[in-house]
Amino acid sequence: AMDWQVLTRELSLYLESQVRVGLFGSGVGLSLVLGFGVAYACYYLSSIAKKPQLVASNDRFCRFLEEYCPVVTETYYPTIWCWEGRVQTLLRPLITSRPHVQYRNELIRTADGGQISLDWFDNNGSLNYPDASTRPTVLLLPGLTGTSKESYILHMIHQSETLGYRCVVFNNRGIAGEDLLTPRTYCAANTEDLEAVIHHVHSLHPSAPFLAAGVSMGGMLLLNYLGKAGRDTPLMAAAIFSAGWNVFESVESLEKPLNWLLFNYYLTTCLQSSVSRHRQMLEKLFDMDLVMKARTVREFDKQFTSVMFGYPTIDDYYEDASPCRKLKSVGIPVLCLNSVDDVFSPGHAIPVETAKQNANVALVLTSCGGHIGFLEGMWPRKCTYMDRVFKQFVQAVFEHGNKILSM
């Protein structure tokens, strides 16, 4: 038995040395690693890193973007080790830094007796625009359960700060720590609160150039507002990121088993916790036990959102909430960034043909990037592709907007 143990030990030591010397000493292992690396790099460069598709029927708008927002015509190189849509979506909130932003909070009252929480970044240290009355203002709209604390909002403010602009974040009702004064929250289709905020901000700074940027549901809400307002808005232009264009297609995609597991269930619990804080106020109108039993966003919307806003059925609500139906009526320049691998807004549901029929609309479609992902660089903590599109477009509009605003 002793001889057998010695023999096995000797054999394993010999094999270990052979693997070490043989694989790497002879270069076989190194060749394998290098070969795999080269093959992966070739695949990445041929199939993953691509120029985005720019969809815009208006030559003037196209030329404007090419000149002042060149990022939309450059190759987007997603982070080489996490380019897949779901992975980008899951990683971005965990991996990106959170720039420090000092807000000034303002609560404004609404016509129905409710209140909206606005978080201002005044940028009083702005060197480019020392006069507050004419300092360009960016209104930011976060996603479904997002607030002014989201990392993507903080990054947009950080970009705006360097350019000298003022920002104000529109937090949906009841979501940013303030109390609900009436049994009403928010949805993607009802634009009354957004209209009130736009009117309020504009009335405070009537001489300041004014633009809005919406992310995910914030982008859907902004598009729905612009579709109703046409040219009748104080906004000069708008930027939209990762909007869900067709809500039916979005919820269907999110109900596929893997997507439900990774995103839908978590999103539903976020929605439930955002309303459970106001349970006493909401119980007057809703069966909150039923709302808390929802296991998908669709079930939550069926029991809560569609009922709150008076839609006969959930299909009526989803029809009204889908921005693809309003795109033809948008009357100011709008840039919309989507990734075609976004499970929240599937590529086949992006209204490319409708966009081509409106001279005010430009779509920028990347092949990778997920939902509000758009990570780039080896260790993507700082700036994303989306941040760069935001920065260049906002600067283009505020500094050279006269070239497109008369379209």
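The values are calculated or read from the model by the stated rules, or taken from the named source; none is laboratory data. What you see is a predicted model; the values in this text were computed from it and never measured. Cβ: placed from backbone, ideal geometry, glycine included. Neighbour counts: every protein chain shown. Each accessible area value is taken on the protein alone, full model and side chains, heavy atoms only, with ligands, DNA and RNA left out. Shrake-Rupley method; radii C 1.70, N 1.55, O 1.52, S 1.80 Å.
Worth a mention:
- Separation of alpha-carbon centers, the range 357-392 and the range 21-96, rounded to whole Å: 13 Å
- Comparing 285, 262, 140 along the charge dipole axis of the chain, the residue lying farthest to the positive side is 140, per the Cβ-charge model.
- The modelled label-to-label distance for the pair residue 192/residue 49, using points 7 Å beyond Cα in the direction of Cβ, is 5.2 nm.
- Using the Cβ of residue 262 as centre and a radius below 11 Å, the other residues enclosed give a net charge of +2, where K and R count +1 and D and E count -1.
- Pairwise FRET efficiency - residue 75 versus residue 40, Cβ, R0 = 22 Å, nearest 0.05: 0.80
- Rounded to the nearest 10 square angstrom, residue 199 shows an accessible area of 130 square angstrom against a 1.4 Å probe.
- Neighbour net charge for residue 350 - beta-carbon separation under 14 angstrom, K R +1, D E -1: -2
- Antiparallel beta bridges, as assigned by DSSP with both residues in the chain, represent about 40 percent of the total such bridges.
- The chain, helix-only ellipticity at 222 nm - DSSP H runs n ≥ 4, -39,500 (n - 2.57), divided by all residues, nearest 500: -11000 deg cm²/dmol
- Of 31, 274, 207, the one that fluctuates the most in a GNM where the chain has Cα springs shorter than 10 Å: 31
- Magnitude of the charge dipole for the range 247-316, about its Cα centre and with charges confined to Cβ atoms of Lys, Arg (+1) and Asp, Glu (-1), is about 320 debye.
- Residue 149 accessible area, assembled protein chains, probe 1.4 Å, Å²: 130 Å²
- Dipole-positive endmost among 196, 359, 318 within the chain (Cβ charges, Cα centre): 359
- Whole-Å distance, taken between Cα centres, linking the range 249-292 and the range 169-203: 19 Å
- Entries in 228/293; 356/403; 302/356; 51/382; 51/302; 293/382 that, when Cα-Cα distance is taken, lie over 28 Å: 228/293; 302/356; 51/302; 293/382
- Per residue, the solvent-accessible area of the range 151-243 (1.4 Å probe, heavy atoms of protein chains only, all protein chains present) comes to 26 Å².
- Shown for the chain: the carbon plus sulfur share of the solvent-accessible area, taken with all protein chains present and a 1.4 angstrom probe, equals 58%.
- The simple spin-label model puts a point 7 Å past each Cα toward its Cβ; for residue 280 and residue 104 those points are separated by 3.2 nm.
- Between the residues 275, 348, 380, the greatest Cα displacement towards the positive end of the dipole of the chain, with unit charges on the Cβ of Lys, Arg, Asp and Glu, is found for 380.
- Net charge of neighbours whose Cβ lies under 15 Å from the Cβ of residue 125, counting Lys and Arg as +1 and Asp and Glu as -1: 0
- The range 180-243: trypsin sites (Lys or Arg not before Pro) in DSSP loop, at most 13 other beta carbons within 10 Å: 231
- Dimensions of the range 247-316 based on its C-alpha atoms, expressed as ranges along the principal axes with the largest first, amount to 36, 25, 14 Å.
- Relative to its Kirkwood radius, the Cα radius of gyration of the chain gives an Rg/Rh of 1.08.
- Per residue accessible area of the range 247-316, 1.4 Å probe, in Å²: 55 Å²
- A Förster distance of 51 Å, applied to the separation of the beta-carbon atoms of residue 255 and residue 131, puts the FRET efficiency at 0.50.
- If only the Cβ of Lys and Arg carry +1 and only the Cβ of Asp and Glu carry -1, the dipole of the range 250-407 around its Cα centre is close to 460 debye.
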